[in-house]
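Note sheet for the following structure.
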Amino acid sequence: MTGNTENQQGPRHKRDLTRRKVVVAGAGAVAAVGAGGALAAGAFAGESGTAKAGASATGTASGSEICYKLTSETTEGPYYIDADKLRQDITEDKEGIPLTLSIKVIDSETCEPLRNVAVDIWHCDALGIYSGYESLSTGGGGGAPTGAPSGTPTGTPTGEPPTGAPSGGTGGGGVHEEPTDDERYLRGTWKTDRRGLVTFRTVFPGWYRGRCVHIHTKVHVDGEWTDAGYEGGHTCHTGQFFFDEESVLASAEVEPYSTSTTERTTLTEDTIYDQSGTQGGLLKLKYDKKNIAKGVQASITVGVDPEATHTGTDDAGRPGASATASPSASAS
């Protein structure tokens with residue numbers, strides 16, 4: 001795919017995302033973006049019921065009630081990179097359970113799909129390591145563990161947390177770290193189609209000290225898709241997606257997840273997930289319960305305020321954030 005350009009550029013981070021640009025080297029980028037609509041088109045089969053899952057009410061005479069709850073805003077975390085990877089398949093041959101992630105982005109007030117917006121996702125690999133930060137995140141992800149597996153990970157996390165993550169899981173971290181290497185696996189940006197849908201192909205994330213299993217995301221609006229990629233606009237949503245305990249426990253029985261010696265934080269123990277289900281970023285998952293290694297299909301509808309700006313670098317409890325967002329959310 002021409003959009004999967006592996007152009008290695010020096011790492012960079014732009015704190016002011018109002019002038020954001022995803023650079024794509026080589027010709028054919030726009031054509032690749034257009035092709036994404038067909039890939040995403042069938043991703044939300046049967047999603048019509050899910051799209052209203054967080055609804056409080058559909059239109060009223062006064063128009064004062066929203067038809068969909070805002071998806072919770074969370075911290076950006078220390079490992080975000082305003083990267084140059086315009087692509088849907090972000091795997092880069094990383095080992096792990098295949099994961100297809102389908103995201104539907106809608107206006108939380110009108111329930112109308114938001115088309116042509118840019119969606120970022122990034123997450124750690126099966127052993128808890130983030131690309132661009134391998135030397136920092138190895139301490140939390142277990143690195144390349146040796147010896148007998150410890151079995152299904154439970155209990156209180158031990159060992160050193162990744163740089164920027166809170167000690168003891170009580171907040172205070174999340175400050176952006178500059179990248180330490182040029183790796184960019186498990187990171188990518190793609191556009192929503194006319195129905196607000198975007199689909200990514202990746203692997204089921206692993207875990208690291210102090211956090212439950214999760215995927216980071218950003219939604220950028222009001223920019224322009226050009227031959228160079230996505231330019232301008234602003235970030236209207238910064239959040240995280242989460243996995244239920246049943247799926248995580250099942251993944252822990254599959255290699256390479258089963259080789260991790262890092263104890264994990266459960267969904268209920270996590271300091272970022274606000275326990276509000278779909279509104280808080282909890283994914284809807286489909287997989288063979290007897291063989292999760294065959295692959296997982298994950299989907300979610302994200303309700304955003306396209307007029308708002310949420311970079312995830314400020315207090316998640318600020319005015320305009322979801323009422324259920326945790327004000328102490330500041331881990332990676």
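The values are calculated or read from the model by the stated rules, or taken from the named source; none is laboratory data. In this text the structure is predicted, and so the values were computed from the model without any measurement. Note that each Cβ is placed from the backbone with ideal geometry, even for glycine, and that neighbours are counted across all protein chains shown. Keep in mind that these areas ignore ligands, DNA and RNA; they rest on the heavy atoms of the full protein, side chains included. Shrake-Rupley method; radii C 1.70, N 1.55, O 1.52, S 1.80 Å.
Heavy-atom accessible area with a 1.4 Å probe sorts ASP274, ASP82, largest first, into ASP274, ASP82. Taking 16 Å as the straight-line reach from the Cα of LYS286, the aspartates and glutamates in range (excluding those fewer than 8 positions away in the same chain) are GLU47, ASP244, GLU245, GLU246.
Taking all protein chains together, SER135, SER72 sort by accessible area into SER135, SER72, largest first [probe 1.4 Å]. Beyond 26 Å in Cα-Cα separation lie the following of the pairs LYS94/LYS284; LYS104/LYS290; LYS69/LYS218; LYS85/LYS218: LYS104/LYS290. Across the protein chains, with a 1.4 Å probe defining accessible surface, the residues ASP244, ASP125 rank ASP244, ASP125 from largest area downward. Under 13 Å from a label point set 7 Å out along the Cα-to-Cβ vector of SER135, the amide N atoms of the range 171-213 belong to 178-183. Rounded to the nearest 0.05, the FRET efficiency derived from the C-beta distance between GLU253 and VAL175 at R0 = 56 Å is 0.95.
Which FRET efficiency, nearest 0.05, do GLU307 and GLU95 yield, Cβ-Cβ r, R0 41 Å? Show your work: numbers first, answer last.
Details: r = 41 Å, r/R0 = 1.01.
Efficiency, rounded to the nearest 0.05: 0.50.
FRET efficiency for the ASP288 to THR226 pair, using the beta carbon distance and R₀ = 51 Å, is estimated at 0.75.
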